[in-house]
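First comes the structure, then the notes that go with it.
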């Protein structure tokens, strides 16, 4: 019986070809659009999260309890080797980076700006987050004698710096003495993280330690964790192991990123809901008319003894086929668009300055997640169900006899 | 005749008419409110940037925008002052001298912008004076008093009465150093600004960094700032050729572009909604036309041409769309206007987007007749386009085919 | 089949009240070839519909093989119609999207006959009704006379005990009417199917073995 209903539904669908195609196109096009936007927005945020983790926070960062409030060298992590020794016992930590940072003034011969100076180890940063891939000009190197520096792209632009330019950095050292240090620029980096690109200069750990008159000290130790699921567990372990320190996850350090992600998810859900409620209205229009114009046929089917269930199944299946074909075409189309946007990206270089304000790259790379398609499937499914409720009620109410006698409803 | 037929058809197929009507009405309202809200938040962000400190236009030496260093100063500020004073289109103006220096508290140093201003003039030009949070604003007789941002004060761990050491460079590139006393602390809500700027009386700063009768730029407030490009080019004509007048849209170009990018994403998002509405209107028109196939066949048999039929169908959608879009535009306009005067308050949104320059939880909508008109027209045209395919399709049938249609 | 005191009232207890049938008592035997006749509005179609369970009587009982079918639930009635009764209506009898072949086999398929049996039955009926050459066509592609013959084939395909035909010749010309009646008659004789018509077509009346004349909802003649 189900087979007959399926057969009838399929044939009926193609009897009114233009209508069915319109509905399928409606579902497919809006679905692929929604998928594309979801992937693109998700990709943007994932990108921001990734670069933040890679360039700064890691999955987890360690500070002393007062450092983040005062940003003062008085609250430094020391001695570093003791902490590193403890970290080495946790096998989930795949790499870590030790950084020493101080605020100060960066100056060229003509201009000065507020900035941060940060001591790092290039090898460790490479292991930590492939920092070398952020270099846009020059080399990922502090030069032969470790006397050169890497500088953020926005800061370099503001100061009109090129590779080889000389800058002077003035800051207070650990003993509150104001010192100045001079170096050449060996490389310019662009991470998408405004705090780095606009305000930071990287120098070697050795050089900054001498400059600030410190030994074995750091302001931040950032950790990379193998699996996302292990982050909280590692955080707990560290909290018991190093109770005197502040152990923060990336999402605690950058709550805006998580908030943006949540907002985006709500926005996506709302878009799906609005779009598919309206789409359901479209499917409903077609289903209603196709039931109304076949009332006589359905009545005859019922009169000769066809069970109501079969007629109902036929209508349900018609709508389901429309939804299913729409979904498949839309999902395929969406997938192709997403695939394109995730491999080649969307080139928005003409809006580069605007995108940088948001911490975004000029080439946006989309994300593709399996769950997009599941979510889309349910949206189409519910729209389809919603659309046949009313037509089915009409069908239930018909008295076969009246329709056959020409007394239409 | 064709008009009567169209009108009768609308009244007869109430279900379709009502659906199309409500759908277009809803879409129009939604679109207008959506755009008004989006534009409103953008205007808010730009406006706060402009009004808090930047100002509507700057006058500076050509080249200063590219290289804002001591090599591109206004060397004879009084001559510019005179030109600006005699320009009736200008409401008020003031010179500023912006430089960067290392500011040190007892235990911390921070690199910061330090600006020489004329306190009494600045009071009318920017929100500096009204953003006072602690202590007092500057006056024109102050000497080594400094007025600093609240975040900067926190970073330096200082408060009213604390001493700050400044190390910077004079315009001859020699080291300039002095001690200032904190007179006031301000909070504008612009995160970066509050964390990175400090102000002193220009006449005193001039003596410290040797910048007498010099300025990095003049900030200008016109009598009417609505058409900034016009007024700045008018001002430009009066300036010596080595100077330029720059409007706020160029001064804040990356912010303006950021808002543009945000708008583009906004439009892309809502366009999917348009797509689905377009199809729904098309489907309803199609279905409606097809249930009338017999009747249309009869009209054709009676001698109406397919063009007549097309016109009838077109008049129908024209009437429906006109009514729906006008009502929708009015509702949308009223909402936009209402929330422009009484902004929506979203608790915590300023905190969340502080990095992007949102200073207040109040987000007003932007009521603009031009925007509302093009929004409404978009939906209107969308409606008209939706009828094309169904109408062409029905006109392909011959009269006899149409009459036999079951 | 027995009808006991069948009465049908439309819009009961309202000013529009119409008595369509009043106290009908009839018995139909197996293998009958009977016509319910009468003017338009005499109640013949209403009676036929009540016999077929499409409509229910206001009062009275209907027995089929000593079972009271008038008390059946709608679902049970639908099942009965499917298994025991074949219907032929005035026009637009067929399912548009199915071919002639599928239309004829439709009920047998619902009753889960085997494909082989369905196929041989279709061919058998097609040859009797002379529609072999249109089996693959859609209803929209054949003439009204052919459509009615297909409807007949569908009605008898599953060998129901009873065939009810409501004005089957109303939309046919005399030649097609003749052919249709011949066929129903042949089926009646060969397969002993009971056939009841509702018709005022002279030709149908001529062919009937028993004629029941209704007037204003009352049986006025039974011969």
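Coordinate-derived values only; no laboratory data. Everything numeric in this text was worked out from a predicted model, so none of it was measured. Cβ: placed from backbone, ideal geometry, glycine included. Neighbour counts: every protein chain shown.
Overview of values
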| read-out | value |
| --- | --- |
| Residue list for the stretch B:290-323, given a label point 7 angstrom along the Cα-to-Cβ vector of residue B:384 and an amide N cut-off under 15 Å | B:311-323 |
| FRET E, pair residue B:334, residue C:210, Förster distance 45 Å, beta-carbon r, rounded to 0.05 | 0.05 |
| Helix axis angle, A:231-241 relative to chain A longest principal axis, alpha carbon, degrees | 40 |
| Estimated D of the stretch A:66-243 in µm² per second, where Rh is the Kirkwood radius over Cα pairs and Stokes-Einstein applies at 4 °C, 1.567 mPa s | 76 |
| Cα coordinate range in the stretch C:104-202, projected on the principal axes (Å, largest first) | 40, 31, 20 |
| Computed over chain A, Kirkwood Rh from alpha-carbon pairs, angstrom | 25.6 |
| Spacing of the two label points (7 Å from each Cα toward its C-beta) at residue A:240 and residue B:294, in nm | 8.2 |
| Highest-MSF residue in chain A out of A:149, A:379, A:176 [GNM, Cα springs under 10 Å] | A:176 |
| Per-pair calculated FRET efficiency, R0 = 25 Å: residue B:98 and residue A:162 via Cβ, rounded to 0.05 | 0.60 |
| DSSP beta bridge pairing in chain C, given as percent antiparallel to the nearest 5 | 50 |
| GNM result for chain A, Cα springs below 10 Å: residue of A:218, A:156, A:107 fluctuating most strongly | A:107 |
| Rounded D (µm²/s) - the stretch B:57-224, Kirkwood Rh over Cα pairs, Stokes-Einstein at 37 °C, 0.692 mPa s | 203 |
| Euclidean distance between Cα centres, the stretch A:142-213 to the stretch A:245-276, Å | 34 |
| Angle in degrees between helix A:2-15 and the longest Cα principal axis of chain A, rounded to the nearest 10 | 80 |
| Relative exposure of C:44, A:6, judged by other C-beta atoms within 10 Å (fewest first) | A:6, C:44 |
| CD proxy at 222 nm, helix term only [per DSSP H run n ≥ 4: -39500 (n - 2.57); per residue of the protein assembly as shown; nearest 500] | -16500 deg cm²/dmol |
| Relative contact order of chain A, defined on C-alpha pairs under 8 angstrom at six or more residues apart (%) | 27 |
| FRET efficiency estimate (nearest 0.05) - Cβ-Cβ, residue A:69 to residue A:252, R0 22 angstrom | 0.95 |
| Shape parameters for the stretch A:161-314, alpha-carbon atoms, Rg then Dmax in Å | 32.8, 101 |
| DSSP bridge orientation in chain A - percent antiparallel, rounded to nearest 5 | 80 |
| Among beta bridges that DSSP assigns inside the stretch B:57-224, antiparallel share in %, nearest 5 | 75 |
| Residue with peak Gaussian network fluctuation, chain A [Cα springs, cutoff 10 Å], from A:117, A:181, A:247 | A:181 |
| Rg to Rh, two decimals, where the stretch C:45-151 supplies the alpha carbon set and Rh follows Kirkwood | 1.04 |
| Where labels lie 7 Å past Cα in the beta-carbon direction, separation of residue A:369 and residue A:177 in nm | 5.4 |
| Convex hull per residue volume in Å³, alpha carbons only, for chain B | 169 |
| Helix axis angle, B:369-396 relative to chain B longest principal axis, alpha carbon, degrees | 30 |
| Ratio Rg/Rh [Cα only; Rh per Kirkwood] for the protein assembly as shown | 1.18 |
